Structures are given as structure tokens and as C-alpha cells.
Amino acid sequence: MTSDNDRRRGLLARLRGRPAARSRGRRRLGAAVRLLAALTLAGGAYTVFAPGAQAQDAPPLSSAAAEGKALFDVSCVTCHGRNAQGVEGRGPSLIGVGAASVEFQVSSGRMPATRQEAQAHRKPPLFTDEQTRQLAQYIQELGGGPELPQGTNLREGGDIATGGELFRINCSQCHAFGAGGGALSSGKFAPSLRPASDRQIYAAMLSGPQNMPVFGDNQLRPDQKADIIAYIQETLKHDQDPGGFNLGRYGPSTEGLAIFLVGIVALVFATLWIAGKS
Amino acid sequence: MKRRKFDLAATPGKAAVGIDDRFKVATPLRGLLNKVFPDHWSFLLGEIALFSFIVLLLTGTFLTFFFEPSMTEVVYNGSYAPLRGTPMSAAYASSLDLSFEVRGGLVMRQMHHWAALLFMAAIVVHMLRIFFTGAFRKPREANWIIGSLLFWIGFLAGFTGYSLPDDGLSGTGLRIASGIMLSIPVIGSWLTSSIFGGEFPGTIIISRFFIAHVLLIPALLLALITVHLGLVFTQKHTQWPGPGRTNGNVVGERFFPRYALKQGGFFMIVFGVIALMGGLFQINPIWLFGPYEAWVVSAASQPDWYVMFLDGSTRLMPAWQIDIPLGDGYVIPPLFWPTVVLPGILVGLSTLYPFVEARHLKDYRTHHLLQRPRDVPARTAVGAMAVAFYLVLTLSGANDVIADKFQISLNAMTWAGRVGLLILPPLAYFVTYRICLGLQQHDREVLAHGVETGIIRRLPDGKFVEVHQPLSAQDHDGHGALEYTGWVVPKKMNRLGALGPAIRGFFYPIEKPVDAPVSPGHPPVEPRPERAEISSGSESRH
């Protein structure tokens, strides 16, 4: 498009001024080409550097996450919304809650919830372990968040004495000394830990479900979490109750009930029997 | 050498004569052994408390052999693995050793705790019997006051004992107690720091509570129980009204041998029930609570049942704080009202009740005969009101456990307790009063018209009436002339001897049923002849 004459002149001279001998038609054509090039350059640079809004619409999901998304779109989308962004007044956004939270809620049957109430109850899980893993993978890939370590035995190397001390400091306020659970305000409650698995306890500590505070790795190190799980699983669940029937481990309230229902009732019958013998 | 004949049968008599020659005990002892006690099942409720106190002394002495009342910090190295290596007080470590190392230690600890609960429960049940039958009236007001004091001293005994193991639960209770003491205006902080030897928890409280629990309080209890029983002896036991029983006599069994034997047997039963509970039901599993640390607290931290009403009153109390702008400013925290003022009022009301009632009824006479609860509806209703009040507070003391296990909102439980505390006692008063009046009316009705026979007669005009058996000769209106005597009115025909007497016994007869009396007009019914089994010839060979 440029002439031999142009080529012989230097670049600066070419930018500074045009040779007067160029035709009007050629000048017009050159301007149009330069404008087009500038627009293409600017648009291209913008495309490269600007955050791609439409890039999130179709994330590169792994196959497990894609399976999880399919499950999510059937069972969870009603409350948690499209792409797990939450529905006002129905369910919270799941962006950033992590795989740990999904595994806790789904594997313990709390999610999908039966109804809107103060707190979801544990029930038989709706999804298999495989499906739970897929759902967790989907939520994880969607927004990141805390994840569980691998394996089903998360109390490996845990020390029950240390675990007991940590349990009494961190857990017994709500879950009670025997891990049987306790009441919180307005119908909320700390559930019994007896049906919980290692992974569920670990996940609960990591994600802080419902009213539970989060015990991240900077509050309780992974080895301390293992200690606590070991104490719950090996001591509290397998304590032989050396004193006999444990009355549900509810503390003095059931003991008071027992002294009237067993002790006083038995002895009042004894008084009736003795007085009847005169 | 003449061999003296040894007469075995005469030995006790000779020994007794020898003792009497030296100590002159025959005359006072005769009076004691021949003392007559009226017999009724409800008179044995106080004995449950007495006998559990004996069990408490026995098991408690065993526990002191192994318990170390010290707050010195030690590192546990015993056989309970989940606490090994944990720093704790020597008191808690020795309580663990008592439970896990000492042979029979755990069952003794549990028996001691169950006996304590039973002691308090029996005191309350016994007190209800005394109250509802009017046994506290003149001349027994002093014994009523002593009995009320026994409850409050037993309360202190229980609380100090509950605190001794220094576990997480008892430490929480101790912290609450220190808060209650702190809430008393003006003297609170001085009182707390003098008891705890400084700021809570200090280093001395376990040793102090130990001496209070094993020496001062049991001595006081023993002294008061002795006076309590001594007054029963000198003032004589009350009795129910009935045939031959008046305000001036006592009808019953002699102390020796029958009454003493029965009491001995009853002691064994009480001991047995406590031992069974100690062996079968786990109580206060201190190894699960862990050592007390100021930062440790568990859900469902309750005191023993007899303290729970104060816990309940605290939970129901609204957060009404009174600020007094005097000097640097004084504060009366809300805790003061339900835990200091309320028990103060309850002590005052319960001890003064006999005098209040006597003044109200202008009844200053001496009473040895009991009253049936229905005959004094106002008193019975007041008692029901008190029971309702106490029950609401006690249930509120456990409201977090109830809320959790029955899936009720804890806030709803608290409000139900607040509303219930105001509404249920008057309701209980009204309902009880009406029930008493109804029962009274039925007694009078039977006395006037006779017992229902179950025989329905058809009158010539077609009307059906039930035939009543009059209890006495009737006047021209068909009304009997019997007065109500304050005792059971027979309401069934077998009570009148018209049918065979009711067979005594619970679940199965304790005596052979008497043959039903036969009316003179009818010959006794012959039992039907035994019938032979009909069978065919071939089968009969089998």
C-alpha cells in the first residue's frame, strides 16, 4: 500500500508529514485502515486484560463436579438458587463454603432440609457417598473454601487426654460433657455427637454449620482436631459407664427424677407393706 | 469338787438382773420399751430420711479414708486413660482414685450420693405428710421448725458435698454460689472473699468445705435429728382419728418387740434400695466432667434436685438490675432476688406456718389427732399451691434439658415457666379446694343416705332407683343420724361386712380370703359337681 518513494524516506519523516503527491483517494483509504487497526488493537487489549464476565458462565468443571452440578440442579437449586448463589429468604449462597460444609450437611442428612425451621435435623442421608463427593466437588470448584483431608479415619495419632481437655474447653459448653447435645436459644440446639462420624466431626469444626462457630486450622490445629475426634469416638462413645446405667448422661436432672421414681416409690410401697402387716 | 450346773436358759435373765443391780435401768427402760406407737404407712416416711442419714454416715466415713481435701495441683497418672497426664487438684485426683482404684470405692461413692438424694427427697415427702395432716399444730410447732431447718441444713450438706470432688460440674456450681454471695448488697464482696479466702476460686475452699461437710454440718444434723426424735418421744406421736382413738390416748403397737423389729426391717429395706441404686444407676460421673478449670463449663450443668428450684428461679428472673447512685454507685444485681430473697422468704414462710395458721383459725388448743386433708380445704389448697410453685421452679431449673430432649424452644420454656409460676399455684389452690369440698360432700352424703348397694329397684311407676344401705337408723326424712368423725366413711358394702371383707394385700393376697357370709334366708350355694371328661373309648386308652 505504500510507494517505493515512501520506503526510501525514514520512518520519522513518514510520520511527520505526508508527501504532497499522494492522491486524495489513497489518503482516505490509509486513514480508514489506520482507524481500523487502532480499534482492533484497543478492543483486543481490552479483551485480554479485562475480567471476562462471560467466562464464569461456563467454567471448566471436572467430570465429578459436572455430575455434582446435575444433582445440585435437581435437589438443591430450589433454595440455594442457580449456581448456588442463594435465594433471598430461602437458602444462603454456597459460594465459598467449601467441600467440608457440603459433606457435613449432606452426609448427615441435614441437607436437603425437610422444611424451613430453626435448625435442620440429622436424618438418613438422601445421597450416596459418591454423590455427596460429587456435590462437594461442584461447590468446591464453584467458589473454593475449606476441604477435608482424605480418608475415613481422621483420629489417627490423636491423644484422648489432650482431646478431652480440648473438648471440655471448646465443645462441652453446647454439646455437654457426655456429647449428648444441649439447647440453644429459640429452638436451636447443639446436636448429639453420638451418631457423627470422624469426617462429619472434622467437617463441622472446619465449616461451623448452623450455630456452631468455625474452628479453623489457626484455632485448632489438625492434630488437635484429631485429638478431639479421638476423645469423642473412643472415650465418650465407648465409655463403659462403670457406675451402671447412665440415666442418659443428662446430669443431675435425671438423677433427681430417678430418686423419686425408683427410690421413693419403692420405699413408699415398702411402708405400705410394713404397715399392712400389723 | 462340786460341779455347778450351767443353765443356759437362765443366763440372759441373770445378766439383766446383774446390769439392773448396778445401773438401775429397768424402770426407765420399761417405760421406753412399752412405749406405744400408732401404726400407719405414712408415719414411716420420716424414717426413710433417718435411715438414709445413717447410710450417709457409714458410706461417708468410708469415703474420708481415701479422699484428699486439697487443691494442690497434681498430674493424674491413674488408670483412667482419658485423663492421664492432665493437671488437676489433689481433691479431684483422689476422687478419681476412689472411683477407679479403691476396691468398692465407686459403689460407696454412688451409694453416698444416692443416699443424699434420698435423704432430701424423704424429708420433703415426710414434710408434705406432716403438713397435709396438720401434724404440726400445737404442741408440735417446735418439731416442725426443726424439721424445716433439717431441710435447709441438709441442703447445705448436699451442696458442700457436691462441691468436694472439684470436678467441672461442681466447680461450676461453686462459681454460681460465689456469684450469689457476691450479689448480696453491702456485705457481698466481704462475705465471698472471707469464705473463699480471696477471689474465687482461691486455694482453700475445698479444705473449708470438707470440714463443714464432714464435721460441722453432720454434727448439727445429728443434734437436730436427736432433738427431733426426742420430741416425738416426749410429745408422743400423732394418730389418725378412729374407733377408740381420742385426743387423750395413743393406740398402737409397743415399741418392743414388734415396732422395733419392724423398724429394723425397714432400715434393711432402705439400705437395700440405696445399695441397689448405688450399684445399678450411675450418678455423678466425675471422670466425664474433667477437673474444674475456670474456662470449662458444660451444657446441662444442673445442681442436685433439691437445689434445682433456685436454679430455676434464677433462669426465670428477668434481668432487672437496680442501680443506686450513692457514692461510687451501688448495684443490686437481678441474681439477688431469686437466690437470696426468695429462699429467705421460703424459710420464713415454712417455719412460721404453724403460728400463722393458729392465729388465722384462732385455734390454740392442743391436737394429737390428725386431720384428713379434705377436712381442711384451705390448708390443703395452700399446700398444693406451694407444691405447684416448687415444681414449676424445679422444672425450670432443668429447662434446657427438657427443651433439648423434647425439642421445645428454650425461650418458650422460660416464658412458660414465668407464666406458669404466676398462674399454676392459684389454679392448684382453686382445684384442690373444690376437690376437698367434693370429697367432704360425698362423705356426708353416705352418712346421711347410706352406702350404694348396686341393687337397682324398679318402682311401680316405672322409675328406677338404687337401693342404699343406711349406716344407722333413719329419721322420717330417710336421713341417718351419724356424725362425721374425721375418719374414713365406709363406701362399699364389703366394708360393712355385708359381703366378704376386701382381701388385704397388694397384687396378691397376704392372708387367706374369708368365706363370704351367708344370708340366713338362703342355703349356701353348693359347688357344681365335678364333670367327667367326655371321650370316646378308643382315645381314652392313650
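Just so it is clear, none of the values below were taken in a lab; they were calculated from the coordinates. All values derive from a computational prediction rather than experimental measurement. In this analysis, Cβ positions are derived from the backbone assuming ideal geometry, glycine residues included, and neighbour counts consider all displayed protein chains.
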* Structure fact -> Listed by chain and number, the aspartates and glutamates with an alpha carbon less than 18 angstrom from that of A:Lys188, same-chain partners under 8 positions apart left out, are A:Glu117, B:Asp400, B:Asp404
* Structure fact -> Square roots of five times the C-alpha gyration tensor eigenvalues of the protein assembly as shown, ordered largest first and given in whole Å, equal 78, 37, 30
* Structure fact -> Rounded to whole angstroms and listed largest first, the alpha-carbon spread of segment A:121-278 along its three principal axes comes to 83, 33, 29
* What is the helix-to-structure angle for B:377-397, meaning the angle in degrees between its Cα long axis and the longest Cα principal axis of chain B, kept from 0 to 90 and rounded to the nearest 10? -> 40
* Structure shown: which of B:Lys35/B:Lys262; B:Lys24/B:Lys262; B:Lys14/B:Lys35; A:Lys69/A:Lys123 lie over 20 Å apart, alpha-carbon to alpha-carbon? -> B:Lys24/B:Lys262; B:Lys14/B:Lys35; A:Lys69/A:Lys123
* Once both axes come from the Cα atoms, what is the angle between helix B:410-449 and the longest principal axis of chain B, in degrees from 0 to 90, rounded to 10? -> 20
* To do: Under 1.5 on a/c is rounded, so check that first for segment A:63-143, then, if it is not, pick prolate when a/b is larger than b/c and oblate when it is not; a ≥ b ≥ c are the square roots of the alpha carbon gyration tensor eigenvalues.
  => oblate
* So what's the projected area for segment B:411-502, the Cα convex hull averaged over all directions, in nm²? -> 10.8
* Restricting attention to segment B:429-502, which trypsin sites (Lys or Arg not before Pro) occupy a DSSP loop and are surrounded by at most 15 other Cβ atoms within 10 Å? -> B:Lys463, B:Lys491, B:Lys492
* Asked: Using the alpha-carbon atoms, what tilt in degrees (0 to 90, nearest 10) does helix B:90-100 show relative to the longest principal axis of chain B?
  -> 40
* Asked: Between B:Val74 and residues 5 or more places away or on another chain, which pairs have amide H atoms under 5 Å apart, with H built 1.01 Å from N, and which residues are they?
  -> B:Met88, B:Ser89, B:Ala90
* **Likely footprinting exposure, B:Met71, B:Met317, B:Met108, fewest C-beta neighbours within 10 Å first** => B:Met317, B:Met71, B:Met108
* Asked: From Cα coordinates alone, what are the radius of gyration and Dmax values for segment A:160-235 in angstrom?
  -> 11.4, 34
* Determine the relative contact order of chain A: mean sequence separation of Cα pairs under 8 Å and six or more apart, normalised by residue count, in whole percent. => 15
* If contacts are Cα pairs under 8 angstrom and at least 6 residues apart, what is the relative contact order of chain B in percent? -> 15
* So what J values fall out for segment B:43-51 if you push phi through Karplus, 6.51 cos²θ - 1.76 cosθ + 1.60 with θ = phi - 60°, rounded to Hz, Gly and Pro as x? -> 7, 9, 5, x, 4, 4, 5, 4, 6
* **Residues whose placed amide H lies under 5 Å from that of A:Gly182, excluding near-sequence neighbours** => A:Ala190
* Structure fact -> Under 5 Å from the placed amide H of B:Phe281, counting only residues 5+ away or on other chains, we find A:Phe245
* Among DSSP beta bridges whose residues both lie in chain B, state the antiparallel percentage, nearest 5. => 95
* Asked: Let a ≥ b ≥ c be the square roots of the eigenvalues of the Cα gyration tensor of segment B:1-148; is it rounded (a/c under 1.5), or, if not, prolate (a/b larger than b/c) or oblate?
  -> oblate
* Ranked B:Val446, B:Val75, criterion: other C-beta atoms within 10 Å, fewest first -> B:Val75, B:Val446
* **Distribution of pairwise C-alpha distances over chain B, 10 Å bins, in %** => 3, 12, 19, 21, 17, 12, 8, 5, 2, 0, 0, 0
* Using the Karplus equation 6.51 cos²θ - 1.76 cosθ + 1.60 (θ = phi - 60°), what ³J(HN,Hα) coupling, rounded to whole Hz, does each residue of segment B:267-277 give in order, writing x for Gly and Pro? -> 4, 4, 5, 4, 4, x, 5, 5, 5, 4, 5
* Asked: With a ≥ b ≥ c the root eigenvalues of the C-alpha gyration tensor of chain A, is it rounded (a/c under 1.5), prolate (a/b larger than b/c) or oblate?
  -> prolate
